[in-house]
Amino acid sequence: MFAIVAFLFLGIGFRIGREKSVYKVTGESVKEVDTTVMNEVLARLKQYYLKPEDIEAKKLMYGAAEGMTASLGDPYTAFYPPNENVRSKEDLQGEFGGVGIQLGYIDETLAVMAPLKGTPAEKAGIRAGDLILRIKDEAKNIDRDTSDLKIDDAVDIIRGPKGTTVILTIFHDGENESEDIPLVRDIINVPSTEIEWLDDGKVAVLRVNKFGEQTLTEWNKMVDQVIAQKATGVILDLRNNPGGFLQRAVDLGEEFISGGVVVQQRDRNTTESIEVGRSGRLIGKPLVVLINKGSASASEILAGALRERVGTKLVGEKSFGKGTVQEVQDLPGGAGLHVTIAEWLLPSGKNIHEEGLTPDVEVKFEFDEENPESDNQMDKALEVLKGLIK
């Protein structure tokens, strides 16, 4: 019933990269490109297109840039117009103006998967499973139904500056009529990590939702709790983690790996081995890692390295299979470019691009309608972990 989940407080996609950079582009490489056809198309559009007022130079320029990157056939090398580039950065930063809901589809209708605690959406009574039938923002001059609205477009409409208002037409399950709910946007600060305790507080579940700018700081606070509470074991939950900064995956891997290679990175000319650079605080702690088909990029790097280097058992479903590295480059005018610069390899040298990681203990997630809070994959991870605790 649920499909294509996206967040208004968490990025969607499978992009990873180094820290963001700014590049100056020289004209040397473009001299080789014959732009005759492009100029001819532009001339003919201006001469023949029915609505010449719709021909905007900036839109044409962005469209050409999107076409150039798309022509490579690499879904991870992409051009981002200014508004999309801003959203991409916000997702990695974990802070932006919005209402705090996770979006998805229920029976092909735009819906709320979950509201974030303490946000305008939750305070207004919006619940998981609510259908979003219409979105209205007078300041943006937008008033449209959601029947053919893509999630990314819905995200763009619903996000906005703090203090501004967006109106969602909501249909609550079990009710007869929809209602218009005005939401005043606020700054949504979304942690990239969460901690939970199982087995009467003995086992720590460390959930990492993405590898963003604040992940290491948040992670260190969770490790402090693990040590203070003297956890007997750890379950690292990387399910539905689409990736993020490569270095953050290395940082977390160092917590469990005592030395040597964490990941290899192979670019056009060289292969670089990235090794442990610090003394981890959870080395030797019994550990199990949860993955699924939403685990990609940096989360696969971490899971694969832990299995190869310390023999960690992977539980769940086969991961997505993204083994390339993207670098985030800022362009003039606020646009951005995510460009594939390398491929990453497991410590053994294996590249799992388009293959993914196969779990040691395969468990498909089973939704229990009578007990929707149950998690059979987590139950299995706990069972495997208990077998490791002496």
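The values are calculated or read from the model by the stated rules, or taken from the named source; none is laboratory data. Here the structure is a predicted model, which is why all the values come from computation and not from measurement. Please note: Cβ atoms are built from the backbone with ideal geometry, for glycine as well, and neighbour counts cover all protein chains shown.
Odds and ends about this structure:
- Complete set of residues in the stretch 216-246 that are of a type in the set (Lys, Arg) and closer than 16 Å to Ile301 by Cβ: Arg239
- Here the helices (runs of 4 or more DSSP H) wholly within the stretch 46-142 that include at least 3 residues being within 20 Å of His338 (Cβ to Cβ) and polar (S, T, N, Q) are 82-93.
- All positions within the stretch 113-165 that are of a type in the set (Ser, Thr, Tyr) and over 17 Å from Ile181 (Cβ atoms): Ser147
- Residue match in the stretch 230-237 (condition: part of a loop (DSSP other than H, G, I, E, B) and on the phi > 0 side of the Ramachandran plot): yes
- Check on Ser71, at pLDDT below 80 and of a type in the set (Gly, Ala, Ser): no
- The set of residues in the stretch 263-278 being of a type in the set (A, V, I, L, M) and either closer than 16 Å to Thr340 by Cβ or in contact (Cβ under 8 Å) with a residue 40 or more places away in the chain (or both) consists of Val263 alone.
- Within the stretch 107-142, the set of residues being under 17 Å from Phe171 (Cα atoms) and loosely packed, with under 12 Cβ neighbours inside 10 Å comprises Asp107, Glu108.
- Inside the stretch 292-316, residues that are more than 13 Å from Pro242 (Cβ to Cβ), touching a residue at least 60 places away in the same chain (Cβ under 8 Å) and either of a type in the set (D, E, K, R) or out of contact with any Leu (no Cβ under 9 Å at 6 or more places or on another chain) (or both) make up a count of 1.
- Criterion (among the basic types (Lys, Arg), out of contact with any Cys (no Cβ under 8 Å at 6 or more places or on another chain) and assigned by TED's automatic domain parsing to the domain that holds Lys123) met by exactly one of Arg185, Arg248, Arg207: Arg185
- Candidates in the stretch 163-198 are the residues that are in contact with a Leu (Cβ under 9 Å, 6 or more places away or on another chain), of a type outside the set (S, T, N, Q) and assigned to a loop (DSSP other than H, G, I, E, B); of these, the one that is modelled with the lowest pLDDT is Val190.
Residue-by-condition table, conditions (1) among the β-branched types (Val, Ile, Thr); (2) more than 30 Å from Asn376 (Cβ to Cβ); (3) in the same structural domain as Lys364 (by TED's automatic domain parsing); (4) buried (at least 18 other Cβ atoms within 10 Å of the Cβ):
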site	(1), (2), (3), (4)
Val261	yes, yes, yes, yes
Gly277	no, yes, yes, no
Ile291	yes, no, yes, yes
Leu302	no, no, yes, yes
Arg307	no, no, yes, yes
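- Only listed residue being more than 23 Å from the chain's Cα centre (by Cα) and either touching a residue at least 12 places away in the same chain (Cβ under 8 Å) or not assigned by TED's automatic domain parsing to the domain that holds Asp180 (or both), chosen from Ile135, Ile157, Ile101: Ile135
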